[in-house]
1. What is the number of the single condition among (1) in contact with a helix residue (DSSP H, G or I) (Cβ under 9 Å, 6 or more places away or on another chain); (2) without any contact (Cβ under 8 Å) to a residue 60 or more places away in the chain; (3) open to solvent by less than 80 Å² (accessible area, probe 1.4 Å) that residue 195 does not meet?
2. Could you check, for the range 112-120, whether at least one of its residues is open to solvent by 30 Å² or more (accessible area, probe 1.4 Å), closer than 17 Å to residue 197 by Cα and either touching a residue at least 40 places away in the same chain (Cβ under 8 Å) or assigned to a loop (DSSP other than H, G, I, E, B) (or both)?
3. Across the range 53-92, what is the total count of residues that are exposed (fewer than 15 other Cβ atoms within 10 Å of the Cβ), over 16 Å from residue 120 (Cα atoms) and free of Cβ contacts under 8 Å to residues at least 40 places away in the same chain?
4. Any residue in the range 145-155 that is in a strand (DSSP E or B), surrounded by fewer than 17 Cβ atoms within 10 Å (Cβ to Cβ), modelled with pLDDT of 90 or more and of a type in the set (A, V, I, L, M, F, W, C)?
5. So for the range 76-89 (the condition being touching a strand residue (DSSP E or B) at 6+ places or on another chain (Cβ under 8 Å), assigned to a loop (DSSP other than H, G, I, E, B) and not small (Gly, Ala, Ser)), does at least one residue qualify?
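The values are calculated or read from the model by the stated rules, or taken from the named source; none is laboratory data. Computed from a prediction, not measured in an experiment: that's the story for all the values here. Note: ideal-geometry Cβ built from the backbone for every residue, glycine included; neighbour counts use all protein chains shown. Remember, those area values only see protein heavy atoms, side chains included, never the ligands or the DNA or RNA. Shrake-Rupley method; radii C 1.70, N 1.55, O 1.52, S 1.80 Å.
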Amino acid sequence: MRERGKAWFLKGMSLPELIAAMIIVSFLSGILVVMLLAGKKTYQASVARGKGRQDLTAAMYNITEDLKDTRLSFVTVSADRRAFSAISAYDTSGTFTTDTVTGAPVWKKFVVYYLKAGTTNLMRREVYGTFTAALTADELTAQCNGTGKLVASDVLSLSIATDAINKSMTLSVTVRNTSRHGTIDEQTQQAVIYPAN
């Protein structure tokens with residue numbers, strides 16, 4: 001009599017009911033694992049994309065800042081488009097120097113950007129002196145010696161095209177990141193720069 005009065009959840013389960021319950025729990029656990037793995041993959045792809053965006057933003061900002069005060073005729077681009085140099089009137093203390101009589105910029109350094117050989121590291125070098133002409137292709141190549149400040153990593157390509165008619169430059173930078181799951185994310189950004197000098 002007391003057995004009949006017990007609540008249904010206090011009753012024992014038969015073997016078929018137990019097997020069915022185990023199958024349902026296993027199925028739901030499998031779905032949960034698949035969802036967690038998909039979420040992890042999406043998260044890691046998002047992290048890789050965020051790193052790529054950060055590298056791209058850093059590269060574009062630094063290059064744009066250096067090019068806006070240069071002179072178009074003093075920009076040298078390598079044949080393989082993996083390096084370029086631009087003249088600058090900023091001296092070692094960061095002061096924009098001008099001639100006291102004419103007010104014209106006094107060119108104190110060349111800024112060199114290049115992709116380090118065998119890597120995707122974008123490097124920046126400063127070459128100080130007093131300059132009256134653009135670097136030659138050979139001089140630019142000599143400056144791409146693996147030294148300098150790292151601007152961004154995972155840079156796939158660097159391109160700058162000068163337009164003498166419109167007195168502008170078109171800068172293009174592409175970064176590529178790979179997540180831990182092998183998802184490749186490639187981002188490109190372009191900017192048109194009008195030098196002030």
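1. Of (1) in contact with a helix residue (DSSP H, G or I) (Cβ under 9 Å, 6 or more places away or on another chain); (2) without any contact (Cβ under 8 Å) to a residue 60 or more places away in the chain; (3) open to solvent by less than 80 Å² (accessible area, probe 1.4 Å), only one is false for residue 195: (2).
2. no
3. Residues that pass the stated criteria total 4.
4. Yes, there is a match, as at least one residue in the range 145-155 is in a strand (DSSP E or B), surrounded by fewer than 17 Cβ atoms within 10 Å (Cβ to Cβ), modelled with pLDDT of 90 or more and of a type in the set (A, V, I, L, M, F, W, C).
5. Checked the range 76-89: at least one residue is touching a strand residue (DSSP E or B) at 6+ places or on another chain (Cβ under 8 Å), assigned to a loop (DSSP other than H, G, I, E, B) and not small (Gly, Ala, Ser).
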